[in-house]
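Participant: Supplied in structure tokens, the structure appears directly below.
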Amino acid sequence: MALLSILDRENTVAEPGYSRWLVPPAALCIHLCIGQAYAFSVFNGPLTKLIGITAPAPDDWTLPELGWIFSLAIVFLGLSAAFGGRWVESGGPRRAMFLSACCFGGGFLVASLGIHTHMLWLVYLGYGVIGGIGLGIGYISPVSTLIKWFPDRPGMATGLAIMGFGGGALIGSPVAVELMKYYATATSVGVVETFVTMGIAYFIVMMFGVAIVRVPAADWKPDGYVAPSQPKKLVTTSDVHVDTAIKTPQFWLLWLVLCMNVTAGIGVLSQASVMSQEMFPGVITPTAAAGFVGLLSLFNMAGRFVWSSTSDFIGRKTTYAIYFALGIVLYALVPWAGQIGSVALFVACYAVILSMYGGGFATIPAYLRDMFGTMHVGAIHGRLLTAWSVAGVLGPVLINYIRQYQVDRGVPASAA
């Protein structure tokens, strides 16, 4: 127990001279790993061929069945963030990051056992439930800490960390594809070994973040920083308790906004690899599809930093207005791009869409800070992420089951 005391908040208070710029890298160690969830679609194809190897066999899992793995992970992300938010605030980021590393890395190992034994419920438990808890705790663990370290630029600070979650697939997607190629044999698609390797590797990287993260002293302020004497419009100077915040209409309006934004984007992310190959058969190969997932991850990541930093200057409300107005136009263009066979237009539309999808996530913590203050922002953010849980079911389920319904009735996969 004495050894675990190094995880307590009081043992992570920064000493004088500690650079606040070490905190974003600590957060990135966590978010770049757990952001692999956005690359899970690269496993969908191989997981439908565990028995058939080259083509799905009658006893192989189907895409709708596999879609629940990602959905469960997002559901438990939101639930663990909601119920664990106050625990993260009281215990500090180091303890939360350590738990996240254990759950996320361990989830891969449990899921690998489920794949090896062909027990889908064990994959649901491993990656979906245990891994999802690691996602949720890891996602919120650095948020309030970063806002406290960067009171002068809260949007930029949260964007720095949360862009890592968006960028996780940029690393995870090609790594997973190459590992599956390396481990593949005549009798195996290489998924089991890939899950074991990635689970161990992610745990090690996340522990670097655990080691270097610190919280500021109670009276700490950045050099030269002076709190505004006149509060900005729509920015509070008070601290609202989490139990009070969730009773306000502002909280639930933000919940609804986030839910709609995530439902739209997450449905695409959950099937990005398969969708691009089916819409452009013979043009986009599995390797190119993995590249497409990686590109979406790059724009998801960049959007989290660019849009959230921009919101420090133009305001959170204006930023969200841009997301929705521009999003309507781009979503309308996507089906037309598929009909005319324009890969470039298809990719360009989704690149911008995913930048705003990521920007919505990164801007939310700063928006909550503006409305409810700094003290309980981590716990409030955790409660708000239940919107992500709902969207994590709505988006993939709509994509998977509507597609399957159409295909079963003779609609070509490229037109579904």
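Participant: What is segment 297-416 by shape, rounded, prolate or oblate, if you read a ≥ b ≥ c off the alpha carbon gyration tensor as root eigenvalues and call it rounded for a/c under 1.5, prolate for a/b larger than b/c, and oblate otherwise?
Facilitator: Here segment 297-416 falls in the oblate category.
Participant: Now a separate question. When the accessible area of the chain is split by element with a 1.4 Å probe, what percent falls to carbon and sulfur?
Facilitator: 70
Participant: Moving on to the next point. Rounded to whole Å, give me the distance from the Cα center of segment 114-140 to that of segment 231-300.
Facilitator: 21
Participant: How much accessible area per residue does segment 249-388 have, counting only protein heavy atoms and a probe of 1.4 Å, in square angstrom?
Facilitator: Normalised by residue count, the accessible surface of segment 249-388 is 36 Å².
Participant: Please work out whether segment 213-322 counts as rounded, prolate or oblate from its C-alpha gyration tensor, where a ≥ b ≥ c are the square roots of the eigenvalues and a/c under 1.5 means rounded, while otherwise a/b larger than b/c means prolate and anything else oblate?
Facilitator: prolate
Participant: If you look for lysine pairs in the chain that are eight or more places apart or on different chains, how many of them have Cα atoms under 16 Å apart?
Facilitator: Counting lysine pairs in the chain gives 4.
Participant: Using only Cα atoms, find the angle between the long axis of helix 286-314 and the longest principal axis of the chain, and express it within 0 to 90 degrees, rounded to the nearest 10.
Facilitator: Here the helix axis deviates by roughly 20 degrees.
Participant: Helix 249-270: angle to the longest alpha-carbon principal axis of the chain, degrees 0 to 90, nearest 10?
Facilitator: The angle comes out near 30 degrees.
Participant: How far apart, in nm, are the 7 Å Cα→Cβ label points at Thr248 and Ala288?
Facilitator: 5.0
Participant: Next question, about the same structure. Projected onto the charge dipole of the chain (+1 at Lys/Arg Cβ, -1 at Asp/Glu Cβ, origin at the Cα centre), which of Leu295, Thr187, Val88 gives the Cα projection farthest towards the positive end?
Facilitator: It is Val88.
Participant: Taking only Cα atoms, what is the 0 to 90° angle, nearest 10, from helix 316-339's long axis to the longest principal axis of the chain?
Facilitator: It works out to around 10 degrees.
Participant: Still on this structure, I have one more. Could you order the peptides 284-297, 50-63, 144-157, 314-327 from most to least packed, using the average number of other C-beta atoms within 10 Å per residue?
Facilitator: Sorting 284-297, 50-63, 144-157, 314-327 by mean packing, highest first, produces 144-157, 284-297, 314-327, 50-63.
The values are calculated or read from the model by the stated rules, or taken from the named source; none is laboratory data. Worth saying up front: this structure is predicted, and the values here are computed from it rather than measured. Because the Cβ atoms are built from the backbone with ideal geometry, glycine has one as well, and the counts that use them run over all protein chains shown. Surface areas here come from the heavy atoms of the whole protein model, side chains and all, with no ligands, DNA or RNA. Shrake-Rupley method; radii C 1.70, N 1.55, O 1.52, S 1.80 Å.
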